[in-house]
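The values are calculated or read from the model by the stated rules, or taken from the named source; none is laboratory data. Note that the structure is a prediction, hence the values are computed from the model and not measured. Cβ placement follows ideal geometry from the backbone for every residue including glycine, while neighbour counts extend to all protein chains displayed. Ligands, DNA and RNA are excluded from the accessible area calculation, which covers all protein heavy atoms including side chains. Shrake-Rupley method; radii C 1.70, N 1.55, O 1.52, S 1.80 Å.
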Amino acid sequence: MPVAVILLWAVVAALWPHLAPHDPALQDPTLRFRPPGPGHWLGTDQFGRDVLSRVLAGARPVLVVAPPATALGVLAGTAVGLISGTVRGWFDDIVMRVLDAVMVFPTVIAAVLFIALLGRSPLVVVLVVGAAFVPIVARSVRAATLVEREKPYVDAARLRGEPLPSLLVREILPNIRATVLVEATTRLGDAVFAAATLSFLGLGQPPGSPEWGAAVSDNRVWLQVAPWTVLAPALAIASLVVAVALLSDALRHRLEAR
């Protein structure tokens, strides 16, 4: 079921121009705040735009940002945690202190700084969200690496004179892949929520965008008048985040059972 929901939104993100019943940007003041019904199955917003079409169109901005940000955070975090946990010593101490400093720096403030320097774009959101994941992933991978580095096969590889890159990639990494996979799925859900949150705060997609977080922000003042304008994108966010969380939990249980 979680996989079906994730695949559904992925298909919607790719094919929404063919699935949306109306142009998501088309405004018609005569249709303002029309409740859900035939012709507009999720109603219309304050500009008479079709809410269903905007929810479908809003999937693409979310899925353009979340997977790359997850990949960036997991790849960088895995590399840092793997090297730090294997090398140990003063290198490990310095890396851990740097990661601690990054973790305590608020993501929203980092987003504001990056946007002020680079301008508003999906790439900036990817960089901010991905960077926020690096210390989290690195700590998990480091903990798994510390366990693996004490096992006999690592000592045997060292006695063979295996170089550090080969030791990391060929020996230790395959044995901590469960940790990496679980982190990847967990961070994907976090990335969806983080991207929507930044857009809600005006730090991601610009106002008026159909992106789900921006849509919730634009319509929250009309919650009592037209609750469907807020509930539809909010439920879209929740469905994807919960589906990814359930997938991560199922993957964790399956890997732990092996």
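Structure data summary
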| item | result |
| --- | --- |
| Residue count for segment 39-79, restricted to those that are hydroxyl-bearing (Ser, Thr, Tyr), over 30 Å from Val95 (Cα atoms) and out of contact with any strand residue (DSSP E or B) (no Cβ under 7 Å at 6 or more places or on another chain) | 1 |
| Subset of segment 105-137 [open to solvent by less than 50 Å² (accessible area, probe 1.4 Å) and over 17 Å from the mean Cα position of the chain (by Cα)] | Ile115, Gly119 |
| Residue tally, condition closer than 13 Å to Ile83 by Cβ, over 23 Å from the mean Cα position of the chain (by Cα) and among the aliphatic types (A, V, I, L, M), over segment 138-157 | 1 |
| Pick from segment 73-83, criterion under 18 Å from Val129 (Cα atoms) and open to solvent by 10 Å² or more (accessible area, probe 1.4 Å), ranking: nearest to the chain's Cα centre (by Cα) | Val74 |
| Residue satisfying all of: in segment 126-151; at pLDDT 90 or above and of a type outside the set (A, V, I, L, M, F, W, C); nearest to Val62 (Cα to Cα) among these | Gly130 |
| Criterion (closer than 16 Å to Gly204 by Cβ, open to solvent by less than 30 Å² (accessible area, probe 1.4 Å) and in contact with a Lys or Arg (Cβ under 8 Å, 6 or more places away or on another chain)) met by exactly one of Thr86, Thr70 | Thr70 |
| Qualifying residue in segment 166-173 (condition: buried (at least 16 other Cβ atoms within 10 Å of the Cβ), of a type in the set (Asp, Glu) and touching a Pro at 6+ places or on another chain (Cβ under 8 Å)) | no |
| Leu99 being in a helix (DSSP H, G or I) and surrounded by 13 or more Cβ atoms within 10 Å (Cβ to Cβ) | yes |
| Residue satisfying condition, being without any contact (Cβ under 8 Å) to a residue 40 or more places away in the chain, of a type in the set (Gly, Ala, Ser), over 24 Å from Ser140 (Cα atoms) and touching a Pro at 6+ places or on another chain (Cβ under 6 Å), within set Gly48, Gly58 | Gly48 |
| Flag if Leu42 is in a loop (DSSP other than H, G, I, E, B) and loosely packed, with under 14 Cβ neighbours inside 10 Å | no |
| Pair list, Cβ under 6 Å, 6 or more apart: segment 206-231 residue without any contact (Cβ under 8 Å) to a residue 12 or more places away in the chain, other residue not hydroxyl-bearing (Ser, Thr, Tyr) | Arg220/Val230; Leu223/Val230 |
| Any chance Ile94 is more than 27 Å from the chain's Cα centre (by Cα) and either open to solvent by less than 60 Å² (accessible area, probe 1.4 Å) or over 28 Å from Leu188 (Cβ atoms) (or both) | yes |
